[in-house]
Amino acid sequence: MHKRWTHGSSPRVRKMPPVFRFAPSPNGYLHLGHALSALLNFQMARASGGRFLLRIEDIDATRCRPEYESAIYEDLAWLGIAWEQPVRRQSEHFDVYAQALRTLGSLLYPSFESRGEIARLVAEREGQGSWPRDPDGAPLYPGMARSLPEAERAKRIASGEPYALRLDMGRALAQAGPLAWHETGAGPGGETGTVVARPEAWGDAVLARKDIPTSYHLAVVVDDALQGVTHVVRGRDLFWSTSLHRLLQTLLALPEPVYLHHRLILDSAGRKLSKSTRATALRDLRESGQKPSDIKRLIGLD
């Protein structure tokens with residue numbers, strides 16, 4: 001698979017401009033946190049003579065809506081942001097993510113437990129003591145699907161039983177070896193420079209489900225490689241996701257971008273702004289009379 005992301009050699013090498021991207025999900029309206037990330041990427045691209053791309057991360061058809069996607073374009077244009085065409089929409093490229101899953105091959109295994117069954121397993125484990133959680137706070141996979149006999153797996157899949165594809169973290173780490181990334185921003189604890197990746201903190205991560213045939217983690221590294229993204233500038237809440245992304249990049253023989261994780265915009269309670277908590281949308285601020293210059297002032301980008 002990695003041949004799709006390599007280029008033929010040439011005796012004359014021309015330095016390519018840096019490539020930045022903003023990649024929102026159309027599952028709600030953009031808020032001030034999105035404005036900070038989009039404007040940082042756009043300004044850094046212009047300052048470096050680079051390119052700025054917009055990508056729509058719409059793999060979850062149950063939450064993503066066309067009206068939210070249209071609003072993204074309207075809000076970004078209002079902020080004075082221009083992007084290259086065409087816009088890449090992840091829902092149009094499931095075949096590419098399927099190819100990446102095939103490349104990972106034997107490093108993946110199917111797990112058949114429902115979310116409810118996994119919750120019960122976690123509760124049982126926690127009843128016997130503490131149970132590890134990933135950097136986002138979700139409990140690590142507690143099931144035994146990794147050790148199912150191949151014949152049983154095949155039988156259950158053939159019967160139409162739903163399953164998720166998980167990464168066998170132990171085998172993946174053994175194949176990839178030590179990992180790190182170059183951080184030009186800072187992590188939650190002030191981490192910067194060369195940061196040692198800790199993918200094991202995510203356990204046997206889900207890379208695809210039957211209803212959504214990829215995951216954020218898989219799609220983002222594949223898209224960044226295919227689009228030639230050289231600089232990933234995103235919120236600090238995704239800092240430790242980079243560990244898993246570096247692992248997938250290595251396993252898929254994809255190039256490694258430079259990372260910058262920026263500060264977050266917090267609400268009055270000190271929480272990260274979120275669509276799920278109905279953070280004030282940019283469109284509401286615009287309708288209330290705010291101007292793009294007001295938005296830049298609110299997010300500290302005067």
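The values are calculated or read from the model by the stated rules, or taken from the named source; none is laboratory data. Given the structure is predicted, the values throughout are model-derived calculations rather than measurements. Note: ideal-geometry Cβ built from the backbone for every residue, glycine included; neighbour counts use all protein chains shown.
Only residues that are surrounded by 12 or more Cβ atoms within 10 Å (Cβ to Cβ), out of contact with any Gly (no Cβ under 9 Å at 6 or more places or on another chain), within 21 Å of Phe239 (Cα to Cα) and acidic (Asp, Glu) were counted across segment 125-141, and they come to 0.
Please tell me if Arg236 is farther than 26 Å from Ser91 by Cβ and within 13 Å of the chain's Cα centre (by Cα). Talk me through it step by step, then tell me what you get.
Values: farther than 26 Å from Ser91 by Cβ: yes; within 13 Å of the chain's Cα centre (by Cα): yes.
Yes: the conditions hold for Arg236.
Here segment 126-141 is the region considered, the condition is being over 16 Å from Leu207 (Cα atoms), among the small types (Gly, Ala, Ser) and part of a loop (DSSP other than H, G, I, E, B), and the residue that is modelled with the highest pLDDT is Gly137.
Residues that are farther than 21 Å from Leu247 by Cα, touching a helix residue (DSSP H, G or I) at 6+ places or on another chain (Cβ under 7 Å) and surrounded by fewer than 19 Cβ atoms within 10 Å (Cβ to Cβ): does segment 104-112 have at least one? Yes, the conditions are met somewhere in segment 104-112.
Condition first: hydrophobic (A, V, I, L, M, F, W, C), out of contact with any helix residue (DSSP H, G or I) (no Cβ under 9 Å at 6 or more places or on another chain), crowded, with 19+ Cβ neighbours inside 10 Å and assigned to a loop (DSSP other than H, G, I, E, B). Can you find one or more residues in segment 250-260 that meet it?
Of segment 250-260, the ones hydrophobic (A, V, I, L, M, F, W, C) are 251-254, 258, 260.
Keeping just the survivors that are out of contact with any helix residue (DSSP H, G or I) (no Cβ under 9 Å at 6 or more places or on another chain) gives 258.
Then drop every residue that is not crowded, with 19+ Cβ neighbours inside 10 Å, which leaves none.
No, because not a single residue in segment 250-260 is hydrophobic (A, V, I, L, M, F, W, C), out of contact with any helix residue (DSSP H, G or I) (no Cβ under 9 Å at 6 or more places or on another chain), crowded, with 19+ Cβ neighbours inside 10 Å and assigned to a loop (DSSP other than H, G, I, E, B).
The condition of being of a type in the set (Gly, Ala, Ser) and closer than 23 Å to Tyr97 by Cβ holds for only one of Ala180, Ala205, that being Ala205.
Give the residue that is farthest from Asp294 (Cα to Cα), with candidates limited to residues of segment 10-63 that are surrounded by fewer than 20 Cβ atoms within 10 Å (Cβ to Cβ) and basic (Lys, Arg). So the residue we want is Arg12.
Annotation note: of Phe42, Phe20, the sole residue that is in a helix (DSSP H, G or I), of a type in the set (Phe, Trp, Tyr) and at pLDDT 95 or above is Phe42.
Among the conditions (1) part of a loop (DSSP other than H, G, I, E, B); (2) surrounded by 19 or more Cβ atoms within 10 Å (Cβ to Cβ), Ile295 misses just one, which is (1). I want to confirm something. Restricting to segment 52-62 and keeping residues that are in contact (Cβ under 8 Å) with a residue 60 or more places away in the chain and in a strand (DSSP E or B), which single residue is farthest from Leu301 (Cα to Cα)? This residue is Arg55. The combined condition, being more than 23 Å from Gly203 (Cβ to Cβ), surrounded by fewer than 17 Cβ atoms within 10 Å (Cβ to Cβ) and in contact with a Leu (Cβ under 9 Å, 6 or more places away or on another chain), is fulfilled by Ala82. Being among the hydroxyl-bearing types (Ser, Thr, Tyr), in contact with a Gly (Cβ under 8 Å, 6 or more places away or on another chain) and assigned to a helix (DSSP H, G or I) holds for only one residue in Ser70, Ser37, Ser91, and it is Ser37. Among all positions in segment 285-302, there is no residue which is touching a residue at least 12 places away in the same chain (Cβ under 8 Å) and in contact with a His (Cβ under 6 Å, 6 or more places away or on another chain).
Picking from residues in segment 188-234 that are assigned to a loop (DSSP other than H, G, I, E, B) and among the aliphatic types (A, V, I, L, M), the one that is nearest to Lys15 (Cα to Cα) is Val229. With respect to the stated conditions, Val221 fails to be touching a strand residue (DSSP E or B) at 6+ places or on another chain (Cβ under 6 Å) and closer than 29 Å to Ile56 by Cβ.
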